[in-house]
Ligand code: ADP
Ligand code: MG
């Protein structure tokens, strides 16, 4: 379904060169729910921007259903961390969710159906006429998720979507993601810096190293498919898996920075973008 092959990204500016991503290769099968976990600044957002065709890689390629991604692909939806900036404040919830469906040129009746179904799926059927700024952070993020789901994507990418909401809301939204995934079976890549969240959500966890980034491990999460915050998180297997991820990330924090070619001068270290989350 989705093939990421040898992706490398070097940001170049006048005074510095940053090798954000060194070499990433992995494949997502159709219908899979995978999490990608790695420390802050390791290039997760860079990777998602490349996967969604918003940023060109320095080398490597991304294939979606066999086709090379060269601009935003029609079958993909992305949910970003900053819901505050991803919804249009002058549009109601309904209008925000409907907008991409208009761009997709769907008929009005079908749009209405999809908007209603997706708002109901995220528990916001009642809020369709509200404006984003009238809603809590967690509700705004639900709108962003509803918008992505309504689009009926083949692939859904999420970039730390719950980093800015409180713990209880976060737990609810995690369960919402699993419910939606069960319901729609969308191929999903969920990016997070939170180890527990990655293990709780994923069928599989891809563990990234510190920048310059490579994949450290690709772990199958063999927890029961029906998960809940209490039972799953307190199970011995959950503890083992999270320990395994933690250990990999801990090892990954050993500095691996080396100059990018002869022209490289000031390479930033990981200290620049604090990896205190771990
Ligand atoms: P993450 O999402 O994992 O926190 P990012 O992909 O945002 O990481 O950033 C990876 C690295 O690339 C960081 O060192 C960051 O400072 C750098 N970086 C990100 N965007 C740019 C940019 N537009 N120009 C230069 N460096 C960038
Ligand atoms: Mg990021």
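Just so you know, all these numbers are worked out from the coordinates, no wet-lab data involved. Note that the coordinates shown come from a computational prediction; the quantities given were computed from them, not determined experimentally. So basically every Cβ, Gly included, is an ideal-geometry build from the backbone, and we count neighbours across all protein chains shown.
Over the residues of segment 104-211, compute the C-alpha Rg and express it relative to 2.2 N^0.38 Å.
Against the compact-globule rule of thumb, the ratio is 1.12.
What do the square roots of 5 times the Cα gyration tensor eigenvalues come to for segment 2-185, in whole Å, largest first, as semi-axes of the equivalent ellipsoid?
29, 19, 16
Show that you can apply the helix-only estimate: for the chain, add -39,500 (n - 2.57) for every DSSP H stretch of four or more residues, divide by all residues, and state [θ] at 222 nm to the nearest 500.
Computed ellipticity for the chain at 222 nm equals -10500 deg cm²/dmol.
When 13, 86, 209, 118 are ordered from fewest to most other Cβ atoms inside 10 Å of their Cβ, what list results?
Sorted ascending by nearby Cβ count, the order is 13, 86, 209, 118.
Going by how many other beta carbons lie within 10 Å of each one, how would you line up 154, 250, 193, fewest first?
Arranged by neighbour count, lowest to highest, 154, 250, 193 become 250, 154, 193.
Using 0.36 nm per residue, how much length does the chain from residue 85 to residue 136 gain when fully extended, once their Cα-Cα distance is taken away?
Between residue 85 and residue 136, full extension yields 17.0 nm more.
Let's test the formula: R0 of 30 Å, r as the Cβ-Cβ distance of residue 168 and residue 26. What FRET efficiency results, to the nearest 0.05?
0.40
How much length, in nm to one decimal, is gained on full extension between residue 228 and residue 175, taken as 0.36 nm per residue of separation minus their Cα-Cα distance?
18.3 nm is the gain from fully extending residue 228 to residue 175.
If one takes the longest principal axis of the Cα atoms in the chain, at what angle in degrees, from 0 to 90 and to the nearest 10, does the Cα axis of helix 236-252 lie?
On a 0 to 90 degree scale, this one is about 50.
From a point 7 Å beyond the Cα of residue 196 in the direction of its Cβ, which residues of segment 203-234 have a backbone N at a distance under 13 Å?
The answer is 229-234.
Just need the relative contact order of segment 112-220 here, percent rounded to a whole number, with Cα pairs under 8 Å and 6+ apart.
Averaging sequence separation for qualifying contacts and normalising by length gives 21 percent for segment 112-220.
Could you check what % of the DSSP bridge pairs in the chain are antiparallel, to the nearest 5?
Counting only bridges with both partners in the chain, antiparallel ones make up about 50 percent.
How high is the relative contact order of the chain? Use alpha-carbon pairs under 8 Å, at least six apart in sequence, and give a whole percent.
27 percent
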